[in-house]
Amino acid sequence: MSSATPNAGGEHKLEQEDFEPRILVFCCNWCSYAGADLAGVSRLQMPPHFRVIRVMCSARVDPEFVLRAFQKGADGVLVAGCHPADCHYIGGNYRTRRRIALLRILLQQFGFDPGRLKLEWISAGEGERFQKTIVEFTDVVNELGPSPVRGGD
Amino acid sequence: MADKIKIAQYWGAGCGGCDVALLDIDAKILDVHAIAEVVFWPIGFDGKLSEIEAMPDKSITVSFYNGAIRNSENEHVAKVLREKSAVMIAFGSCACFGGTPGLANVTNKKEVFQTVYKDTASTDNPDFVTPQTQLKVPEGELDLPEFYDSVKTLDEVVDVDYFMPGCPPTVNLIALAVDAVAKHVTEGADLPPKGAVIASDKTLCDECDRERVETGRRIEKIYQSYEIKADPKKCLLDQGIICIGPATRAGCGSMCPKANMPCRGCMGPTKAVMDHGGSMLSALSSLLNITDSESKLSEEQIMELMMQVKDPLGTFYAFTLPKSLLKRTVTEKRKRKG
C-alpha cells in the first residue's frame, strides 16, 4: 500500500512482538451478554483483548457497524447471538447469519481475511462456550496479525 | 456582459456524460445564458487553465466539477477552481462518490499500469513503457500528471458546497440547481444550506410506482436481470432481481425501474447512511426467504444461499466505493495456516 491509501492512518508500524489484538464483540442482550456475564462471574480466564458492546439483538448489528469497526482499525469482530430457534425476537438471528455470511464474502473482496469476522451462538447458560470462543478467536486474530487497515505497509 | 455571473465546468476522471447532461436541459439553457458567462469548459471550448489561475479569488460564481480525482491534474484543477469560485458543486456521481472510476479502488496504480500498458491483448509494449511524471527531452522537460493509487472523491481534496449526484444528474435536478442559482443572482434569494444534496432526502423506493408486497416480503431466489423477464408492474426486488433502490437516494424519478431495469445506486446513499453497500447488504439479506426448517440449516447452507449474490462489492458499491467506510481494498500481510 502506498501513502495514498486513505486507510493507512498515522499509526506506526506494528511489530509482531508488541501486537495486542483489538477485538470488538457484539453480544445480544438476551443470550450472549448473559453468557459473557456468566463467564465473568465464574472467573473463567480469557485473553483481555476484547471489548463488548451490548445490543438488544444480534440482528441490531448493522453491517455498517462491522465495516466501521474495521475502518477504525479493529483486528477482529465477533458477533454473538442466541442459538437458532432461541431468538428472543423469534427470527433476528436468522437475519444476522445471512448478513454475516454475505459480509464475510464482502470483506474478502475488500482484501480482509474473512476469519476476522466471526459469528457464534452463545446462550445465557454457556459461559464456558463464551470463554472458549474468545480464546479461539483471539488465537485466530493473533495468527493473522494487525489489521491491514492499521498495520501500515 | 459585465453583470453576468461566471460559471465553470470541469471534468476530472469522468466519461463526459455530465458535460453533455448540462446541455440536456433544453430551453433552460437560455436561462443559463441570460445570467451567466461560461469562463472555463474544456469539453466545450478552448480555454487555458492559466487564464483561470490569473483570475481574482472567488470571481467565478459557480463551478461544476464532474468526475473523480484520479491523478494530480484532477486535484490541481479542483483546487484552482475552489479558490476561484464562490460556490463549488460536485456534479455527478463520480465527483460525489467516486462513481464507476472509483471501482478501480479494488486495485492500485501498479496493477492498473500492468493491465493497461502490458497485459491487454492489443498492447505491444515489450519494454513496458509507462507514463512518467517527468521526461527530459532535447527541447526541455515534459511532464504528465501523477496517477494515484486510489480514486478520491472531490470532497476529499477540496471543500464542496453542494452535491448533485446522478450518473449523470437528471435534467430536473440540474434545472433545480440552475433555478436556485438564478433566483439567488436575480432576486437575492437564499442559496440552499452548505453541504446540501440537490436531490430528495427519501429513498428511491419512496418514489418508485411499482407494486410491492407490504408485509411478509420474501425472496426465494436471486436472479441476474438477464435471467428472467421481469414483470413491469411488480417490485423488482420482490421478483428476486437485486435493485439497490432501498439503499439509494431518490430524486432521479426512478428512471431505471420505469424502464424495467433495477436501480444500480448512482444517486448514492441517503443522509442517514454512512455506507451505501452496507445498507444494501442489510436490506437484501433480510429479504431472503426464511422457512420453518430454518433452525436446521447449517452455516454452509447459509453461505451457499448468500453466494447467490455474485460480486457483492461490485453490486453494492457500483458508484460509491471511494465514499464507503473502507474506501478501497487492503492487503493482508499474512495468510492463515490451513
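Each reported figure results from applying straightforward, stated rules to the coordinates on display, with no laboratory input. Owing to the predicted nature of the structure, the values given are computational and were not obtained by experimental measurement. All Cβ positions, even for glycine, are placed from backbone atoms using ideal geometry, and neighbour counts span all protein chains on display.
Tabulated results
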{"read-out": "Using a Förster distance of 22 Å, the FRET efficiency for residue B:171-residue B:260 (Cβ separation, nearest 0.05)", "value": "0.55"}
{"read-out": "Tensor-based shape of chain A (alpha-carbon gyration tensor, a/c under 1.5 rounded, otherwise prolate or oblate)", "value": "oblate"}
{"read-out": "Extent along principal axes [Cα atoms of region B:204-323; Å; largest to smallest]", "value": "43, 34, 27"}
{"read-out": "Helical contribution to [θ] at 222 nm, DSSP H n ≥ 4, -39,500 (n - 2.57), averaged over chain B, rounded to 500", "value": "-7500 deg cm²/dmol"}
{"read-out": "Low-density loop cleavage sites - chymotrypsin sites (Phe, Trp or Tyr not before Pro) in region B:1-108, where at most 15 other Cβ are within 10 Å (DSSP)", "value": "B:45"}
{"read-out": "Within region B:258-298, trypsin sites (Lys or Arg not before Pro) in DSSP loop having at most 12 other beta-carbon neighbours inside 10 Å", "value": "B:271"}
{"read-out": "Acute angle (nearest 10 degrees) that the helix A:92-109 long axis makes with the longest principal axis of chain A, alpha-carbon atoms", "value": "20"}
{"read-out": "Partner lysines for residue B:271 [C-alpha distance under 19 Å; skip if fewer than 8 residues away on the same chain]", "value": "B:194, B:202, B:323, B:327"}
{"read-out": "Lysines with Cα under 16 Å of residue B:6, excluding same-chain neighbours fewer than 8 positions away", "value": "B:48, B:58, B:84, B:183"}
{"read-out": "Radius of gyration and Dmax over the Cα atoms of chain B, both given in Å", "value": "22.9, 78"}
{"read-out": "Residues in region B:172-207 reached by a label modelled at residue B:34 [backbone nitrogen below 11 Å; 7 Å Cα→Cβ]", "value": "B:182-183, B:186"}
{"read-out": "Equivalent ellipsoid, the protein assembly as shown (semi-axes from 5 times Cα gyration tensor eigenvalues, Å)", "value": "44, 29, 21"}
{"read-out": "Proximal lysines to residue B:258, defined as alpha-carbon separation beneath 16 angstrom and excluding residues fewer than eight positions away on the same chain", "value": "B:229, B:233, B:234"}
{"read-out": "Helical segments meeting 20 Å axial Cα length and Kyte-Doolittle 1.0 threshold in chain B (DSSP H)", "value": "B:171-187"}
